[in-house]
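Have a look at the structure below before the remarks.
The values are calculated or read from the model by the stated rules, or taken from the named source; none is laboratory data. This is a predicted model, so every value here is computed, not measured. Glycine gets a Cβ as well: all are built from the backbone with ideal geometry, and neighbour counts include every protein chain shown.
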Amino acid sequence: MNASLSPAAVEFPDRLVSALRNARRIAVLTGAGISAESGVPTFRDAQTGLWANFKPEDLATPEAFRRNPKMVWEWYEWRRQRVRTVSPNPGHLALVEMERRVPAFTLVTQNVDGLHQRAGSRHVLELHGNITRTKCFEEDAAVESWPEDGEVPPRCPRCGGMLRPDVVWFGEMLPEGAYAAAEAAAEACDVFFCVGTATVVYPAAALPFAALRAGATVVEVNPSETQLSDQATHSLRGRAGEHLPALVKAAWPEP
Ligand code: APR
């Protein structure tokens, strides 16, 4: 007879479960770690394959694009293809469920993969853009289609400038209004989750600290320690795909 393995039950402090159950407002900040279980590589883990010798920080800048637009475009094309072939995981789905349970829910993501929306999350603030969109490097305006003439990167059909992914590179401004809305949600929430982010890239990394100062219960979900771990109200060491569904189940057991 085959023995079947079932995941160990995750135990959470009562204080955490009741804070969640009683919360009227929840805000969540996610980073690359929540998509790791879907098979999207995180930024600060070693890259694999073709790109193993490059640091994302060296590719994700306007200077890198000016220097070598073809290489940067191709790196994003590789990531775009990766994102197209993967699916949301139980961590993404647990946040969809959480959104259904509370009157006010704001999901702030640094991810550009669109997996939260594909999972069904409705109120998503994308701080760093979205890899599936394209814009003109010169005009900074969205471009929906362009001539497929083999040029890499393709050219803007309006001005002939180079096209680039509609993501925020190091040194660039965040989309207008997105950070202010995220900060307002962090400061107004009862419970703030910080999930799968190394918490090193600002201004996003400031959000859990803003929530703490405003008196929220701050919950970190990450297999590794971060600069938030010591200060968070609860630091859950482990994977988002395990902890988030278990927490939702603990706070809102099925009737
Ligand atoms: N569940 C939860 N967290 C995880 C998991 C998992 N299954 N796997 C890895 N992690 C954690 C790692 O321990 C790490 O702390 O996710 C974090 C990923 O960190 P980064 O790769 O640095 O990603 P992130 O914090 O989202 O990066 C922020 O930096 O490069 C820029 O613009 C880019 O949005 C990105 C920003």
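The set of residues in segment 218-255 that are charged (D, E, K, R) and more than 10 Å from the ligand (Cβ to nearest atom) comprises D230, K249, E254. Of the helices (runs of 4 or more DSSP H) lying entirely inside segment 157-255, none contains at least 3 residues that are at pLDDT below 95.
The set of residues from segment 130-150 being in contact with a strand residue (DSSP E or B) (Cβ under 9 Å, 6 or more places away or on another chain), within 20 Å of M71 (Cα to Cα) and not hydrophobic (A, V, I, L, M, F, W, C) comprises N130, T132, R133, T134, K135, E138, P147, D149.
Taken over segment 200-240, the criterion of being closer than 17 Å to T109 by Cα, buried (at least 21 other Cβ atoms within 10 Å of the Cβ) and small (G, A, S) is satisfied by A204, A211, A240.
If I filter segment 102-150 down to residues being among the polar types (S, T, N, Q) and outside any loop (DSSP other than H, G, I, E, B), which single residue comes out as nearest to T197 (Cα to Cα)?
Going through the qualifying residues, I end up with T109.
Would you check if there is a residue in segment 139-160 being without any contact (Cβ under 8 Å) to a residue 12 or more places away in the chain and within 21 Å of the chain's Cα centre (by Cα)? Taking every residue of segment 139-160 in turn, none turns out to be without any contact (Cβ under 8 Å) to a residue 12 or more places away in the chain and within 21 Å of the chain's Cα centre (by Cα).
Looking only at segment 50-67, decide whether some residue is modelled with pLDDT of 95 or more and either on the phi > 0 side of the Ramachandran plot or not in a helix (DSSP H, G or I) (or both). Checked segment 50-67: no residue is modelled with pLDDT of 95 or more and either on the phi > 0 side of the Ramachandran plot or not in a helix (DSSP H, G or I) (or both).
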